[in-house]
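The values are calculated or read from the model by the stated rules, or taken from the named source; none is laboratory data. All figures in this text were calculated on a predicted structure; none of them were measured in a lab. Virtual Cβ from ideal backbone geometry, glycine too; neighbours counted across all protein chains shown. All accessible areas refer to the heavy atoms of the entire protein, side chains included, with ligands and DNA or RNA removed. Shrake-Rupley method; radii C 1.70, N 1.55, O 1.52, S 1.80 Å.
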Amino acid sequence: MQLKKNQNYIEDIKKLIENAKEKVVHTVDNQRVRLYWNIGQRVFEEEQEGKDRAEYGKQIIKNLSKEIEPLYGSGYSYRQLYLFLQFYKVFPIVNAVRSQLNWSQYKLLIRIKDEDKREFYIAESIKNHWNGRELERQINSSLFERLLLSNDKKDVLAVARAERLPQSSNEIIKDPMCLEFLGLEQKSNYYEKDLEQAIITNLQSFLLELGNGFSFVSRQQRIHLDGDDFFVDLVFYNRLLQCFVIFEIKTHKLTHQDVGQLQMYVNFYDRIEKLPHENPTIGVLLCADKNDAVVKYTLPKDNETILASKYQLYLPTEQELIDELKELL
């Protein structure tokens, strides 16, 4: 018993040390961001002395870099100082600089020209505690544009700002869904079990792609119906929508039989697994290709619980998604 108490005591000390180290790192990051903003502001003020002439601005940054880079290192090179200036120009009000974000995240954010898009990624980064790598992945996967394919911009921003909770599955389930992190080649002869195993192996990344509020429940969940066994590929739960979300993986183009099979699984979960206070189960057909008309006419007019989402094993370009948005408008 005494040994166990000693071990608890040691674990408590370890936690205190780790927590203190995290706070120190956060404080240093925050001070670094403030420093870079202040440098950017001072360079901007000096730049204005030249009446905003581009060549004058470049020259003062070159001169500054020559003076301070030998003293303080490559973190104050011409390129870095130029980023500090852009940082200030994008965030000219110091109160707009958020203490929850570090410099690696701000370097990504200042490249985003659209203010709504930038605000979306700021809000999502803070809400979901994304690090720099996770934010970069979401920007590169055009998360903002993918959500706009099935949602109004005002709704997307309101959910990102936590001004309201998601009201429907379309506000959470993305189409297309980007699975480039699986490291699979884009080819047509994958077995469904191979794609499922790759998702399980990269479950943390898959949860990041799914987004807010998801937790993993099970894979190949057995359903026994009068002597017949069926297996649901992947089961998740979403705490924001307060419902089960079940995934069926199809590596071929969707058929009406696929839609019917998923509808059966959704019905089972609604009648057997769902608790009275929970919302209806959502079913997602994660497929290599889909025919929206097949989904539309296989399901009732008022369907809100069955969705088809095409998966991609590569990151889409922003222009591809913008072109698709234009077709929808």
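Values computed for the structure shown
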{"quantity": "Residues of region 56-85 satisfying the condition of being polar (S, T, N, Q) and buried (at least 16 other Cβ atoms within 10 Å of the Cβ)", "calculated": "SER65, GLN80"}
{"quantity": "Test result for ASP323, acidic (Asp, Glu), open to solvent by 20 Å² or more (accessible area, probe 1.4 Å) and in a helix (DSSP H, G or I)", "calculated": "yes"}
{"quantity": "Residues located in region 283-320, provided they are over 16 Å from GLN138 (Cα atoms), touching a helix residue (DSSP H, G or I) at 6+ places or on another chain (Cβ under 7 Å) and either in a helix (DSSP H, G or I) or without any contact (Cβ under 8 Å) to a residue 40 or more places away in the chain (or both)", "calculated": "GLY283, LEU285, VAL294, VAL295, THR298"}
{"quantity": "Residue among LYS23, LYS51 that is at pLDDT below 85, open to solvent by 90 Å² or more (accessible area, probe 1.4 Å) and either within 28 Å of LEU64 (Cβ to Cβ) or in contact with a His (Cβ under 8 Å, 6 or more places away or on another chain) (or both)", "calculated": "LYS51"}
{"quantity": "Every residue from region 151-177 that is within 28 Å of ALA288 (Cβ to Cβ) and in contact with a Lys or Arg (Cβ under 8 Å, 6 or more places away or on another chain)", "calculated": "LYS174, ASP175, PRO176, MET177"}
{"quantity": "Inter-residue pairs, beta-carbon under 6 Å, first β-branched (Val, Ile, Thr) and in region 71-99, second surrounded by 10 or more Cβ atoms within 10 Å (Cβ to Cβ), 6+ apart", "calculated": "VAL90/ILE110; VAL97/TRP37; VAL97/PHE91"}
{"quantity": "Residue in region 31-39 that is of a type in the set (A, V, I, L, M), surrounded by fewer than 16 Cβ atoms within 10 Å (Cβ to Cβ) and within 25 Å of the chain's Cα centre (by Cα) present", "calculated": "no"}
{"quantity": "Filter pass, VAL284 being open to solvent by less than 80 Å² (accessible area, probe 1.4 Å), of a type in the set (A, V, I, L, M, F, W, C) and at pLDDT 85 or above", "calculated": "yes"}
{"quantity": "Every pair of residues 6+ apart whose Cβ atoms lie under 6 Å, when the first sits in region 246-262 and is among the aromatic types (Phe, Trp, Tyr) while the second is modelled with pLDDT of 90 or more", "calculated": "PHE247/ASP233; PHE247/LEU234; PHE247/VAL284; PHE247/LEU286"}
{"quantity": "Those residues of region 265-281 which are surrounded by fewer than 17 Cβ atoms within 10 Å (Cβ to Cβ), touching a strand residue (DSSP E or B) at 6+ places or on another chain (Cβ under 9 Å), more than 17 Å from GLU304 (Cβ to Cβ) and of a type outside the set (Val, Ile, Thr), in sequence order", "calculated": "GLU273"}
{"quantity": "Total residues in region 86-101, condition open to solvent by less than 10 Å² (accessible area, probe 1.4 Å) and either out of contact with any helix residue (DSSP H, G or I) (no Cβ under 9 Å at 6 or more places or on another chain) or of a type in the set (D, E, K, R) (or both)", "calculated": "0"}
{"quantity": "Of all residues making up region 164-180, the number that are farther than 22 Å from ASN140 by Cβ and either under 12 Å from the mean Cα position of the chain (by Cα) or assigned to a loop (DSSP other than H, G, I, E, B) (or both)", "calculated": "5"}
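For every residue, the table says whether it meets (1) in contact with a Phe, Trp or Tyr (Cβ under 8 Å, 6 or more places away or on another chain); (2) assigned to a helix (DSSP H, G or I); (3) basic (Lys, Arg).
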site: TYR106; (1), (2), (3): yes, yes, no
site: ALA123; (1), (2), (3): no, yes, no
site: ILE139; (1), (2), (3): yes, yes, no
site: SER150; (1), (2), (3): no, no, no
